[in-house]
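Below is one structure, written out as structure tokens; the observations come after it.
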Amino acid sequence: MSSGTEKDEVKDTTEEHSANSDDTSRPDSMSKDEAIKFYETKGLDLSPDVPTKPKPIPEFEKSMADKISSKFGDAIHIDYIRSDRIRVTTKRENIVDVAKFIRDELRYDHAESVSGVDYPDSREIEVVYHLGSYTDEKLGRQIFALATRVPREDIPNPGSDTTRMPSLRDVFYSVEFHERECFEMFGVYFEGHPDMRRLLLPEDWADIPPFRKDFKIKGR
Amino acid sequence: MTTQLPPGMHLETVDDKIMTLNVGPQHPGSGHMRLIIKVDGDYIVSCDPDPGYVHRGEEKMAEYRNYIQNIPHLERPVIHDSSNILYPYCLGVEELLGIEVPERAKYIRVIAAELNRCVYILYWLAIYGIFLGHSTMFMWPAGDRELFIDLLEAMSGARVTHAYLVPGGVRNDLPSNFEERCLRQVAYFEKRLKEYEDIFYQNPLLKARTEGSGILSRTDAIRLGTTGSVLRASGVDFDVRKKEPYDVYENLDFQTVVMKEGDSYARSRIPYLEMFESCRIIKDALKKMPKSGSVRTKLKPNPKGGNDEVYRRVESGRGAIGYYIVSNNRPEPYRVKISVGSFRNLICMPYLLKGEKLGNMPAVYWGLNYWPVEADR
């Protein structure tokens with residue numbers, strides 16, 4: 001008989017526990033507003049993580065952006081102007097001309113980094129050049145981000161598919177190794193680059209370019 | 001008969017005059033890397049760097065972890081300089097999430113970064129010494145490095161991989177006797193550092209081997225996009241701490257060290273002279289630091305970045321480190337790109353070694369302040 005009472009006790013505690021967990025979990029039938037209220041009573045803050053307060057557009061950066069937009073007009077799109085940072089997107093056909101203008105007229109002289117960003121949903125890969133200047137005192141704080149988008153193929157064949165763009169190596173010599181890295185990690189072929197080989201990956205790498213989003217880390 | 005080769009592989013024709021040498025991949029001092037060098041007699045005809053033996057995909061890993069979980073693994077590329085490689089990540093995440101850092105935390109971060117810079121430069125100098133066969137110069141920096149490691153251990157609890165800097169400040173406050181201990185050890189180190197001058201930098205053998213070898217002109221240093229001590233040894237006055245001061249560097253008293261020669265000797269000397277400036281920064285920061293207050297802004301659990309991107313950079317022991325972080329309203333970053341000084345200086349290697357004597361290779365190679373693990377990420 002004693003074992004029976006023990007069982008009952010165990011059952012009781014589980015019921016209590018499940019009742020508690022019901023209380024803290026969110027019922028499915030709530031609307032969004034109800035859910036926010038529900039979480040607020042639990043002491044959880046559901047306001048957005050990033051405060052969205054508009055910042056004033058700095059003048060020096062604005063003048064730089066005006067120079068480039070007056071020259072190229074619709075061929076470029078200014079994504080943002082912030083303090084010390086300008087970002088411009090252009091089509092891949094125009095990128096060499098835009099880069100030459102940035103080097104000769106705006107006096108940026110080297111590339112700090114070349115990053116690929118994969119957007120499988122829009123079937124595009126974005127290549128972003130972050131340019132800086134050593135020679136011009138005024139540009140010491142500045143980073144100019146020049147971006148372009150190239151088409152992305154679902155089954156990549158690096159070097160022989162349409163994922164290609166002109167290389168900026170003749171404009172900014174310093175992109176040489178950065179573009180090689182972008183080629184192996186994203187499969188973007190840079191036309192006109194003198195030495196478009198792999199850099200970090202092994203020579204016999206036979207999988208898709210590993211920094212694309214459809215290359216998954218095992219077990220994740 | 002032509003055989004179909006896998007992509008990326010090529011057949012090599014053998015020339016009986018030119019010999020190919022593989023320098024590496026087993027590296028005596030750090031992570032692995034290989035230089036494929038072609039020599040004609042004693043002279044290097046061409047050099048093809050082959051990094052990637054320690055590529056661990058840090059950037060890919062960062063896409064699978066949230067902003068806080070990313071801290072410990074992002075410092076792995078250069079564990080001797082772990083505060084400096086985490087610094088731009090913290091600055092970037094703070095900008096992305098709109099976090100304010102307490103004043104005291106800013107000073108503590110600068111102190112941690114400068115202590116770590118000394119740890120890195122001493123380790124680099126030790127290996128530079130042993131590369132050139134100067135074993136005293138291996139023992140001394142390796143021993144003096146313990147001073148800074150002890151201080152960082154007192155700050156963070158870990159000797160090498162601290163994970164001390166976090167978005168929002170630092171992980172914990174300084175211990176109670178830290179200021180007095182730090183000043184005492186830094187004062188001893190400054191005295192000690194002067195002895196390096198006599199035993200190493202005025203050594204006629206070192207001068208004979210490094211002066212005038214591997215000259216990088218100012219124009220080429222800019223054109224190749226070099227950074228850090230390589231750039232400053234060629235006469236370009238560029239230091240991110242001065243040009244784009246982050247946290248409290250603009251309040252602190254220090255100078256950038258610039259030399260005009262652009263040879264291996266100048267490149268080996270700049271990091272040494274920078275350690276004096278680091279000591280100055282540490283002493284100044286301890287003096288100006290608020291004596292009490294919060295050291296960490298509390299973050300929300302699992303914070304989300306907006307639909308935004310940032311590019312932030314700092315000056316590390318090997319040059320500028322830039323983080324490009326793209327976020328898409330998720331707790332994990334969408335893309336993290338780490339642009340490191342070692343990778344940017346790698347492009348100098350084929351350029352400088354061409355035409356150089358094979359015996360000068362170690363001095364030129366290690367003088368570039370190149371850390372293979374960091375370059376591979």
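Assorted remarks:
- Answer from B:Glu63, B:Glu58, B:Glu94, B:Glu103 - the residue that is surrounded by fewer than 18 Cβ atoms within 10 Å (Cβ to Cβ), of a type in the set (D, E, K, R) and touching a Pro at 6+ places or on another chain (Cβ under 8 Å): B:Glu103
- Unmet criterion (only one of (1) facing another protein chain (nearest Cβ under 10 Å); (2) open to solvent by 10 Å² or more (accessible area, probe 1.4 Å); (3) of a type in the set (Gly, Ala, Ser); (4) in contact with a helix residue (DSSP H, G or I) (Cβ under 6 Å, 6 or more places away or on another chain)) for B:Gly293: (1)
- Condition check for B:Thr256: within 18 Å of the chain's Cα centre (by Cα), open to solvent by 10 Å² or more (accessible area, probe 1.4 Å) and within 14 Å of another protein chain (Cβ to nearest Cβ): yes
- Residue under evaluation B:Tyr53, criteria (1) within 30 Å of B:Asn302 (Cβ to Cβ); (2) under 20 Å from the mean Cα position of the chain (by Cα); (3) open to solvent by 30 Å² or more (accessible area, probe 1.4 Å); (4) at the interface with chain A (Cβ under 10 Å from one of its Cβ atoms), criterion not met: (1)
- Listing of helices (runs of 4 or more DSSP H) fully contained in region A:1-109 that carry 3 or more residues being modelled with pLDDT of 80 or more: A:59-72, A:95-104
- Residues that are at pLDDT 90 or above and either within 11 Å of another protein chain (Cβ to nearest Cβ) or in contact with a Gly (Cβ under 8 Å, 6 or more places away or on another chain) (or both) number at least 2 in the following strands (runs of 3 or more DSSP E) confined to region A:142-220: A:143-151.
- Verdict on B:Arg312 being open to solvent by 10 Å² or more (accessible area, probe 1.4 Å), part of a strand (DSSP E or B) and of a type outside the set (S, T, N, Q): yes
- When A:Pro56 is tested against the conditions (1) within 30 Å of A:Phe211 (Cα to Cα); (2) out of contact with any helix residue (DSSP H, G or I) (no Cβ under 6 Å at 6 or more places or on another chain); (3) more than 13 Å from chain B (Cβ to nearest Cβ); (4) open to solvent by 20 Å² or more (accessible area, probe 1.4 Å), the lone failure is (1).
- Unique match (being within 14 Å of another protein chain (Cβ to nearest Cβ) and assigned to a loop (DSSP other than H, G, I, E, B)) among A:Ser113, A:Ser122: A:Ser122
- Of all residues in region B:225-252 being in a helix (DSSP H, G or I) and not hydrophobic (A, V, I, L, M, F, W, C), the one that is farthest from the other protein chains (Cβ to nearest Cβ): B:Asn251
- Some residue of region A:95-111 being touching an Asp or Glu at 6+ places or on another chain (Cβ under 6 Å), open to solvent by 10 Å² or more (accessible area, probe 1.4 Å), in contact (Cβ under 8 Å) with a residue 60 or more places away in the chain and not β-branched (Val, Ile, Thr): no
- Flag if B:Tyr107 is assigned to a helix (DSSP H, G or I), farther than 23 Å from B:Ser264 by Cα and touching a residue at least 60 places away in the same chain (Cβ under 8 Å): yes
- Check on B:Leu91, within 14 Å of chain A (Cβ to nearest Cβ) and either hydrophobic (A, V, I, L, M, F, W, C) or in a loop (DSSP other than H, G, I, E, B) (or both): yes
- Which numbered condition B:Gly143 fails, given (1) free of Cβ contacts under 8 Å to residues at least 12 places away in the same chain; (2) under 19 Å from the mean Cα position of the chain (by Cα); (3) farther than 29 Å from B:Asn66 by Cβ: (2)
- Only one of the listed residues (B:Arg184, B:Arg269) is surrounded by 16 or more Cβ atoms within 10 Å (Cβ to Cβ) and either under 23 Å from B:Phe138 (Cα atoms) or without any contact (Cβ under 8 Å) to a residue 24 or more places away in the chain (or both). That residue is B:Arg269.
The values are calculated or read from the model by the stated rules, or taken from the named source; none is laboratory data. Small disclaimer: the values here were computed from a predicted structure and weren't measured. Because the Cβ atoms are built from the backbone with ideal geometry, glycine has one as well, and the counts that use them run over all protein chains shown. For accessibility, only protein heavy atoms count, side chains too; no ligands or nucleic acids. Shrake-Rupley method; radii C 1.70, N 1.55, O 1.52, S 1.80 Å.
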